[in-house]
Amino acid sequence: MDKKIIELYGIWKNNAKGDPDVEKELIAMEGDDAAMEDAFYRNLEFGTGGLRGVIGAGTNRINIHTIARASQGLADYVNRHFSGDDRKIAVSFDSRIKSDVFSKVAAGVFAANGIKVYIYSELMPVPCLSYATRYLKCAAGVMVTASHNPSKYNGYKVYGADGCQITTKAAEEILGEIEKLDMFSDVKTSDFEEQLNLGNIEYISEEVYTSFVNEVKAQSVLGDANVDKNIAIVYSPLNGSGLKPVLRTLKESGYTNVTVVKEQEKPDGNFPTCPYPNPEIREAMELGIKYAKENRADLLIATDPDCDRVGIAVSDPSAGEGEYRLLSGNEVGILLLDYICSRRIASGTMPEDPVLIKTIVSMDLADRIAESYGVRTINVLTGFKYIGEQIGYLEEKGKEDSYIFGFEESYGYLSGSYVRDKDAVDGTFMICEMFAYYASIGKTLIERLDELFEKFGYCLNTLYSYQFEGSAGFSKMQDIMADFRKGVESFGGKKIEKELDYAKGIDGLPTSDVLKYMLADNCSVVVRPSGTEPKLKTYISVSASSKSDASSIEQKICAELASKMQ
């Protein structure tokens with residue numbers, strides 16, 4: 001056992017007070033070398049995604065002490081760059097275990113450092129935090145969440161004054177501030193309730209929340225189209241924060257035929273019926289599909305715990321009576337892009353130089369659809385913060401209205417610039433509107449999707465994740481990425497025509513540990529480590545004349561990638 005780990009453990013055992021769960025875990029850890037090493041072998045990584053990790057005791061865990069230290073670093077950053085009344089931070093939290101506790105700890109640290117804190121009095125989604133940060137003209141925002149991770153995780157997302165997750169430069173500077181701090185002696189803390197009574201912490205008003213809902217509703221592109229909004233919708237917030245804003249937005253917009261999945265309605269960080277509360281995963285949608293079948297629903301919608309991702313399923317008679325088909329993030333993305341473009345043109349609201357912004361791992365077919373409507377595509381690195389950053393660049397040039405849509409394959413969508421992160425409230429609203437519109441002209445989303453494939457060619461996009469836990473797994477991921485960089489000639493019989501190594505910096509984008517291989521016949525492969533989980537992710541895109549041909553090629557590529565993960 002490394003002596004530094006033993007020393008760290010001793011320091012924590014003597015000083016980590018304030019959370020009985022952490023204290024008990026530290027006592028239980030004594031004598032368990034493996035548990036001690038995993039808890040202390042590194043500091044939890046802070047980056048553009050903030051912090052994310054398993055809840056528990058240690059430097060490699062999310063707890064009140066790692067949250068407080070990160071908050072002190074952020075406070076020092078804000079106090080260095082802002083002055084006087086500009087020193088304000090907005091805070092929100094979702095349904096995860098200890099999210100409310102961690103948000104109050106963070107608020108107490110900010111207040112102790114002379115920073116005014118605005119915090120939601122109840123759980124609210126990521127988009128509401130991004131909106132409040134902008135609306136209240138805060139220097140920064142903090143969202144306590146681990147997004148769609150399993151229940152043992154929590155996290156801490158940091159937002160800039162623009163309402164966008166922090167840039168690489170800001171993250172590095174905040175990390176520098178954090179690394180200066182001793183975990184226990186350098187962090188200023190204060191009592192949440194006391195600071196609330198003093199007015200240094202203030203609850204975010206209903207006015208801000210209502211303004212957010214109104215902005216979402218303003219994204220409608222129906223124009224003069226007359227549609228029947230009485231479509232049968234089943235909705236699940238997956239025990240997260242989406243229930244209140246999603247239902248209010250739909251109700252105020254005329255979508256009242258909504259059935260909520262009862263078992264997943266109330267906030268519950270244990271996620272008892274969906275251990276992986278991610279709408280990308282079929283298991284998380286199974287209970288909703290059951291409800292959809294029982295209620296003969298037209299549309300199933302589920303949002304993840306912090307309500308920035310949304311997944312859907314639609315009735316699919318071709319698969320059998322009463323059967324439902326899950327649509328991928330890419331499929332929904334191109335459907336929304338096509339719908340927004342067509343309706344904007346029909347209603348005369350398409351701006352000059354319209355812009356689509358998407359990530360490099362999202363379906364390349366979107367570029368061709370956008371081009372057919374005269375829309376320019378900007379491709380960015382993985383992470384919606386880069387889409388938000390590009391919206392900001394457009395705003396600086398006075399072209400903010402040029403932005404019409406942004407999406408990433410991982411079920412994140414945004415059709416307006418009122419926030420700078422993906423918004424599942426907006427995504428849900430726009431999906432319902434799109435569904436109702438096509439229903440009014442006798443068309444299903446599947447039929448419209450097939451029309452797009454027929455016009456632009458079939459495209460199959462898949463994602464595979466490979467888990468690498470602990471310090472050994474972290475080292476293994478680094479070795480695998482190094483092996484890829486030694487050279488690859490082909491995947492699945494498709495020759496590599498171009499290799500893009502984003503670690504070297506490409507097209508003015510920030511450097512990132514991402515490899516993209518452009519293959520023959522408009523196919524591609526992307527390999528990258530996850531920024532938030534101990535996983536390597538591979539993205540396969542195959543263009544072919546038919547679905548069966550694409551599936552055959554994809555399976556070959558997948559098998560080769562899997563062999564490289566051993």
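The values are calculated or read from the model by the stated rules, or taken from the named source; none is laboratory data. Remember, predicted model here, so these are calculated numbers, not experimental data. A quick note on method: Cβ atoms are made from the backbone with ideal geometry, for glycine too, and the neighbour counts reach across all protein chains shown. Remember, those area values only see protein heavy atoms, side chains included, never the ligands or the DNA or RNA. Shrake-Rupley method; radii C 1.70, N 1.55, O 1.52, S 1.80 Å.
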Checklist entry - On the given criteria, is residue 130 under 17 Å from the mean Cα position of the chain (by Cα), touching a residue at least 12 places away in the same chain (Cβ under 8 Å) and part of a loop (DSSP other than H, G, I, E, B)? => result no
Checklist entry - Taking the stated definitions as given, is residue 86 open to solvent by 50 Å² or more (accessible area, probe 1.4 Å), touching a strand residue (DSSP E or B) at 6+ places or on another chain (Cβ under 7 Å) and farther than 21 Å from residue 184 by Cβ? => result no
Checklist outcome for this item: Restricting the range 258-284 to residues that are assigned to a loop (DSSP other than H, G, I, E, B) and open to solvent by 60 Å² or more (accessible area, probe 1.4 Å), the one modelled with the lowest pLDDT turns out to be 275
Next on the checklist: Which numbered condition in (1) out of contact with any strand residue (DSSP E or B) (no Cβ under 7 Å at 6 or more places or on another chain); (2) more than 29 Å from residue 61 (Cα to Cα); (3) without any contact (Cβ under 8 Å) to a residue 24 or more places away in the chain is the only one that residue 248 fails?
Outcome noted: (3)
Checklist outcome for this item: Residue pairs within 7 Å by beta carbon, gap of at least six or interchain, first lying in the range 4-19 and over 10 Å from residue 36 (Cβ atoms), second charged (D, E, K, R), listed first then second, are 16/23; 17/23
Checklist outcome for this item: Going through the range 113-154 in order, the residues found to be crowded, with 24+ Cβ neighbours inside 10 Å and within 13 Å of residue 95 (Cβ to Cβ) are 123, 124, 125, 126, 143, 144, 145, 146, 147, 148, 154
Checklist outcome for this item: Expected output for the range 195-221 (first residue closer than 18 Å to residue 427 by Cα, partner polar (S, T, N, Q), Cβ below 6 Å, 6+ apart or cross-chain) is 213/249; 216/249; 217/253; 219/415
Item to check | Residue, farthest from the chain's Cα centre (by Cα), within the range 490-513, restricted to residues that are open to solvent by 80 Å² or more (accessible area, probe 1.4 Å) and basic (Lys, Arg) | outcome: 495
Checklist entry - residue 70 fails exactly one of the following numbered conditions: (1) surrounded by fewer than 24 Cβ atoms within 10 Å (Cβ to Cβ); (2) touching a residue at least 12 places away in the same chain (Cβ under 8 Å). What is the number of that condition? => result (1)
Checklist entry - Looking at this structure, is residue 516 under 29 Å from residue 377 (Cα atoms) and either crowded, with 17+ Cβ neighbours inside 10 Å or of a type in the set (Ser, Thr, Tyr) (or both)? => result yes
Checklist outcome for this item: Taking the range 43-55 and the residues there that are assigned to a loop (DSSP other than H, G, I, E, B) and of a type outside the set (Gly, Ala, Ser), the one that is nearest to residue 113 (Cα to Cα) would be 46
Checklist entry - Does the range 103-127 hold any residues that are part of a strand (DSSP E or B) and within 16 Å of the chain's Cα centre (by Cα), and which are they? => result none
Checklist entry - Residue check: is residue 172 over 30 Å from residue 530 (Cα atoms), of a type in the set (D, E, K, R) and not in a loop (DSSP other than H, G, I, E, B)? => result no
Next on the checklist: So if I check each of 319, 346, 297, which one is over 29 Å from residue 502 (Cβ atoms), small (Gly, Ala, Ser) and open to solvent by less than 10 Å² (accessible area, probe 1.4 Å)?
Outcome noted: 297
Checklist entry - Any idea which residue in the range 200-221 is nearest to residue 148 (Cα to Cα), counting only those that are open to solvent by 10 Å² or more (accessible area, probe 1.4 Å) and in contact with a Lys or Arg (Cβ under 7 Å, 6 or more places away or on another chain)? => result 221
Next on the checklist: Which count do you get for residues in the range 522-548 that are without any contact (Cβ under 8 Å) to a residue 40 or more places away in the chain and assigned to a helix (DSSP H, G or I)?
Outcome noted: 1
Next on the checklist: For the structure I just gave you, tell me whether residue 58 is among the small types (Gly, Ala, Ser), surrounded by fewer than 23 Cβ atoms within 10 Å (Cβ to Cβ), outside any helix (DSSP H, G or I) and on the phi > 0 side of the Ramachandran plot.
Outcome noted: no
Checklist entry - Do we find that residue 476 is out of contact with any Asp or Glu (no Cβ under 6 Å at 6 or more places or on another chain), assigned to a helix (DSSP H, G or I), buried (at least 23 other Cβ atoms within 10 Å of the Cβ) and of a type in the set (D, E, K, R) in this structure? => result no
Checklist entry - If you take the residues of the range 528-566 that are closer than 21 Å to residue 365 by Cβ and β-branched (Val, Ile, Thr), which of them is nearest to the chain's Cα centre (by Cα)? => result 538
